[in-house]
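The values are calculated or read from the model by the stated rules, or taken from the named source; none is laboratory data. No experiment lies behind these values; they were computed from the predicted model shown. Virtual Cβ from ideal backbone geometry, glycine too; neighbours counted across all protein chains shown.
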C-alpha cells in the first residue's frame, strides 16, 4: 500500500488526549507521542528518546515540555532536548522529530510529510461535536487490516447491499445502480439519488427521494451528507444536487477517518448523527448503534480479505464497474505519492 | 515437508457442513470453501473472490451457487463468476479454482492435485458412521505442528510404551518388539500379534492373543483393525493374519486422517469404536474418552517436537529400527511428490 | 546483542528443580533440560532427542539418566544415548550436548562456552539463602526484551529518580550526581555515598550517610551492598569505602541475574533482604514487595524500549554522562566476545 505523506492524518479524538497523560500512537508506521502544553494545545513528537530509545509516551508532561521517564531527559515542543540530568552540556544532535498538529472538528490532525508545505487549508472539513447543526455520536475501531482496504470499502458502497443488508437495511439499489463519481483535487465526490428506497432506518414510511453525497479525501477521510426529499425531487433536478435546506427528513452527517497505523493495521474513527431539524439525542444513539453493528460487519469482511491477501500476497484484484471511485482515488494516491518521492530525490 | 498433491485429503466430517453456511478450510496452504448444492452434494472452490480477494467462506449459498457477500459476485459450482452486480459483462477470466470433492465414509474428501487424474478409487476405505458393523465415536484436533510429524507418530507405535503408558495402558511390548511392516502401493501395512498383553482397556482379564493391523495410506490416513483371539492363535497362524470372524472380543476399528492445513499446522480427524459383536454405545464412549486423553498426549509431545525443530530447523533426525514404517512411508511420499513435480515440468 | 559464552549463566533457582520433573529452559537461544541425578546433583543436557528431536524436558528421570518419553531413548548425564528400545546397537553419534553445571548461592549455574575452560572460580559470589548473615526474599520475572537492555538498566541507576520515584522513593540525587565507576576484570564496580538522603524505605528518620556499592559481573549478575552510616562518615572517609561492620542500619544485600533466553526475551532473577543485624522476616517481606513493584516499573519501560527498537532496529543510542558504567561494561562484553570468536577461528 502506498500513502500520501503530505497530508493531515487523524491521530485521535480531542477527547482522547485529556489530563497530563501523553498518548502514544502509530501513524504510517511512525511512533508519535501526543501531549498538551500549558495552554492546552496539542503537541506531537517522535515517540523515542534520543538517549536509549525509550518511548516518550511513558513520560511525564512538565508544562510545555515532556520528560522521558527512563533517565529524565526533557524535550521541548520542538523536540529539542533541553535537559539531561547529571550532565551540563546537551549535544546539538539531541533532538527528536516534531510534527505539525492542528486540533479541529474534534479531531487531532498530524501532518506526516514535509513541514515546509504543511497547509491547514488541506484539513478536510469534517463536522465536529462543536457544530451547532448536528447531534453526533462517535466511535473508534482498530483493524487488523491495511488502511487501503478500508478506504476501498468506503469508496464503493455497492457493498451495502451485501455486507449491510440487515444492519443498514440496504436494498439492491446500492449494488445495481452506479452513483455519480466526480474527481476532486484531493479526492473524489460520490453522489446518488435513490428513489422509493428510504435507506437507513431514519426514513418515514411514505415514498420519497433520498440523496446521499460524500467526499472521500486524502488521506482517507469520508464526509457524507444524507437527506430525504419529496418524491419527484430527483427527477425535477435531473439527478442534480439538491439544496440541503429543502430536505424534509432523515438529514444526517457522518465524518469518518482511516489512519494507517503500523504494517497491515489501521484505526478507524467515525461520527454520525442527525441534523437538529431532523432528530435528537435519542435518534443519534439509535444511529450509532446501527453504525456500530454495520462497521463490525465491515471489519469482519475486510479482516477476512486481509488474511486472504496475507496467504498469497501477489494476487491481483479484478476491478468492476462499481469500482470507479476506488480506481479514481487510488490513482490520485499513486500520483501524489509519486510526486512526493520525486521531490525527495 | 513435502506432500503428495494427487490425493484425496479429508477436509472435514460430513456433519461439519450443515445448513446453508459455507465452511472455510485450509488444505496444503490453500484456502478452500466448502458448501452444499441444492441436492446436498458438497462443492469445493478456492476461497478467494476474483474481485477484491474477499473470502467466499463469508458468503451466502444460493441454490447451487455461492455469492460473495462483499460486493455480491456470484459463483457457480465450477468456480465461474455468473453475476457481477451493476455490470452486464462478466470477463472470461473471472473464475476461481474448483476442486473435485467426494463425500464418503462420513468424510468430505478433496482432491488437491491435477483434476485430470482425480480417481475416486484412491479414496482410502475408511469406516464411516453408516457402516452397520461398527459403533463409532469421533473427534477432531487442531495441531500447531506439521502434518508430517503426526504421520511419523502414527507410523511408529513404539511410542505407545512411553507417550501412552497410562492412557492406553500400553506395556513395553510396543517398543521392544517390531511389528511386521509391508509396503503397499499407496502406503504401508503394519501388523503385529501381542501375546498375553491385552492392549487397550478393551480386554477380558484372561490371557489371549491380540492382533492389530493398520494400513497407513497416502495422504495420511490410518485404518486400523484390532481384535482378540484365543491364546495360541498367533502361534498356530505362525504370526500370520487371522480371520476377522474368528475374533472373540475387543474388536474395534479406528479411522484417522491427518490433513496439512497451513504452514506448520494440521487438523487431525479420528473415529473409533467397537464392532457390534463386541461392544455397545457405552463402550464406544469409554473408548472415545481414552482416545481423547491419548491424542492429547500425542499432541503435547508432537507440538513440543515442532517447537524444538522451529528453534533450529536444520537438525537431522536419527532413524531407529522402530522407524521402518516411517522410513518406508516417507520414501513413498518423496517418490510420488517427485513424480508429480516431474510431470508438471 | 552480543554475549560472552565462556561464563556461568543462571538457569534457575535451586528450588525450581524439585522432585523427578525435568525442567526445560532457554539460555542464549539454546534449549537446555535440567534434572537431578540420584545424589541430587543438577545435570544439564541439550533439550532435543537425537532420534526425532522431541524435547527431553518432557522426559522422565530414571536414576542418573533421562528418558525421552516419545520413543524411549535413554540418556546418561554425559548426553550419551545408552538405550534405544527395540534396537541392540546404539550408534556412537547418538549423543546430545551436556553442559557444566554448578549449584551455588541458591542458583543453578550453567556454563555456556567451551567446556575445557569452565572455571568455577568465575561464578559470581552471590548471596544465597544459605548465607547466615542475610534474610532474603526472591522472585523471577520474564521479559519480552533483550537481556542487554536489562543490563543497561542495572548499570545506570540514574533511572531510579524517574522510573522508581514512587516505589523506591528515590530522589534526584540518583540522577544528578555520578557514582564512582571502576573497572573490574569481569565487570564494573559502581559505588556512591548519598548524604542526607536515606534512599529506599529502609531508613531511619534522622539524617545519615548512605553507602551503596555493587559489582556488575559477566554475564549479567548484580551484587549490591547498601547500608547507612552516621552522618559525616562519607566526608571522614573522603568518599571512600566504609567498613561494613560500622554500618548502623539499613544493611541489605541484593543479588540479581539477567539471563538471555531466546531472541529478544530474558529471565530476571533477584533476591533482596536485610542483614540479620538490621531487620527481620517482616522487613524482608516489605522489601520484596517494594522490589516487585519497582521491577514491574523497570519491565514496563524496558519492554517499551524494546518495542521502539523493534519498530526501527537501526537507530543509534546517544550515551550520556550517566552511562559510564553501561559503556565500560558493554566494551568488556564486546572485547570478551571478540576474543572468544578469535579463539574459535
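Quick notes on this one:
- Odd one out for residue B:282, checked against (1) without any contact (Cβ under 8 Å) to a residue 40 or more places away in the chain; (2) within 14 Å of another protein chain (Cβ to nearest Cβ): (2)
- Residue C:128 meets each of the listed conditions (1) in contact (Cβ under 8 Å) with a residue 24 or more places away in the chain; (2) in the same structural domain as residue C:33 (by TED's automatic domain parsing); (3) in contact with a strand residue (DSSP E or B) (Cβ under 9 Å, 6 or more places away or on another chain) apart from (2).
- Only one of B:34, B:73, B:45, B:66 that is under 23 Å from residue A:171 (Cβ atoms), more than 9 Å from chain A (Cβ to nearest Cβ) and touching a strand residue (DSSP E or B) at 6+ places or on another chain (Cβ under 7 Å): B:66
- Only one entry of B:29, B:24, B:40 meets the criterion of being away from chain A (no Cβ under 14 Å) and either at pLDDT 95 or above or under 30 Å from residue B:83 (Cα atoms) (or both), and that entry is B:40.
- Which numbered condition residue A:95 fails, given (1) surrounded by fewer than 19 Cβ atoms within 10 Å (Cβ to Cβ); (2) farther than 17 Å from residue A:218 by Cα; (3) touching a residue at least 24 places away in the same chain (Cβ under 8 Å); (4) away from chain C (no Cβ under 11 Å): (4)
- Residues (part of a loop (DSSP other than H, G, I, E, B) and touching a helix residue (DSSP H, G or I) at 6+ places or on another chain (Cβ under 6 Å)) located in segment C:9-48: C:22, C:47, C:48
- Extreme residue, nearest to the other protein chains (Cβ to nearest Cβ), among residues of segment A:77-92 that are within 22 Å of residue A:25 (Cα to Cα) and free of Cβ contacts under 8 Å to residues at least 24 places away in the same chain: A:80
- Taken over segment B:101-125, the criterion of being touching a residue at least 24 places away in the same chain (Cβ under 8 Å) and within 24 Å of residue A:308 (Cα to Cα) is satisfied by B:101, B:108, B:109, B:110, B:111, B:112, B:113, B:114.
- Selected residue (criterion: farthest from the other protein chains (Cβ to nearest Cβ)) from residues of segment C:149-181 that are surrounded by fewer than 19 Cβ atoms within 10 Å (Cβ to Cβ) and over 18 Å from residue A:86 (Cβ atoms): C:169
- Total residues in segment C:18-46, condition under 15 Å from residue C:107 (Cα atoms) and buried (at least 19 other Cβ atoms within 10 Å of the Cβ): 9
- Qualifying positions in segment A:297-329 - over 21 Å from residue B:95 (Cα atoms) and free of Cβ contacts under 8 Å to residues at least 12 places away in the same chain: A:300, A:327
- Top-ranked residue in segment A:312-345 [being in contact with a strand residue (DSSP E or B) (Cβ under 6 Å, 6 or more places away or on another chain) and at the interface with another protein chain (Cβ under 9 Å from one of its Cβ atoms); ranked as surrounded by the fewest Cβ atoms within 10 Å (Cβ to Cβ)]: A:321
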